[in-house]
Amino acid sequence: MVLVVAFMAPTSVDGNIPMESQSTSSRSMMRVSHLIERIGHGDFAAAAQAQAQTSPGDPLRDLQNNLMQMADRLASVRQDLERQVSTVTQALREKKEEAELATEAKSRFLAAASHDLRQPVHALGMFIARLAQLSHDGPTRQLVGNLQASVSAMQNLLDGLLDISRLEAKAVQIRFEKFPVMELFERIAHDLAPLAQDRGLQLRIRPCSVWVRSDPALLYRVLLNLVGNALRYTDKGGVLLACRCPGNSSEASIEVWDSGLGIAPEHQEDVFKEFYQVDNPARQRSLGMGLGLSIVQRSCRLLTHPLELSSRLGVGTRFCVKVPRVRASRDLP
């Protein structure tokens, strides 16, 4: 805002401005200029201070009074805006707290009811498995097979949702201990060999003598999801599970390599979201439900194990979990 001030200083008979009037006018102009500058910087109390310093004969007294009124109005408007902003901020904070409490309550409920929700689904799976062992005609056998596949998909989805809820509710008990990486590798090879064979892929496990410190159950679940996802999204070639320890590093890099289609850079953050799948627009159950990588990321955060992803389209993808390395111990429990 630019304020232009014009005034007529008193003149003598010969038309010249007296020296005393020149001095008074200059001081008044400087005071008004300084006042406008302070108001422009938000110092609205400056107008009242300037009025107290103004003499009754000041030629710019009326202008300073107008500036004081303008400053009072601006101060009032600013206070109203601050009150409105404070009210809206408080309302948003309350809504945010309500949403967080609702999410925590949902997670606590699912974590507490995990066993009760899983038990009937697992029992149903056992009944259908027993039913499939009985003799049936062709149509009945096909119907039982479809029912078994549907129950298996529902069980996998429920397990994934409950695992995420337990991680969110921090209901997972972490038990750190020392153990050899090869123990987990052998379990992964045993559990996922049938999946690799069904897809015509080669699952390679590189032998390793490294020991690490982590929660073996939770780290096993992380590797199971990583290798399982790699097998599901790889059409040809294979998957490699290896452990690298560069130099005298205090960390062991457990890596999962695949020869799949790769993940584009714009999707590499989204693949860790729940139910997000890049190459499954038809939502085929054989490719999973899109929960595995979300569980992996949450589990790694809980374990404080850094998780890295690198991928090239048409070449493949590498996931890397960095785990603290320890000395080998002969005292196994």
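Just so it is clear, none of the values below were taken in a lab; they were calculated from the coordinates. Only a predicted model underlies this, so the values are computations on that prediction, with no experimental measurement involved. No Cβ is skipped: glycine too gets one built from the backbone with ideal geometry, and neighbour counts run over all protein chains shown.
Evaluated over the Cα positions of region 167-223, the convex hull gives a direction-averaged projected area, one quarter of its surface, of 4.9 nm².
Distance between the C-alpha centres of region 65-101 and region 199-230: 55 Å, rounded to the whole angstrom.
Relative protection proxy for 79-90, 176-187, 221-232, 196-207, from highest mean packing down: 221-232, 176-187, 196-207, 79-90 (other beta-carbon atoms within 10 angstrom). The orientation-averaged shadow of the Cα convex hull for region 113-242, equal to a quarter of the hull surface, comes to 10.0 nm².
Assuming R0 = 22 Å, can you tell me the calculated FRET efficiency for the pair Tyr276 and Leu147, based on Cβ-Cβ distance, to the nearest 0.05? Between Tyr276 and Leu147 the formula returns 0.15.
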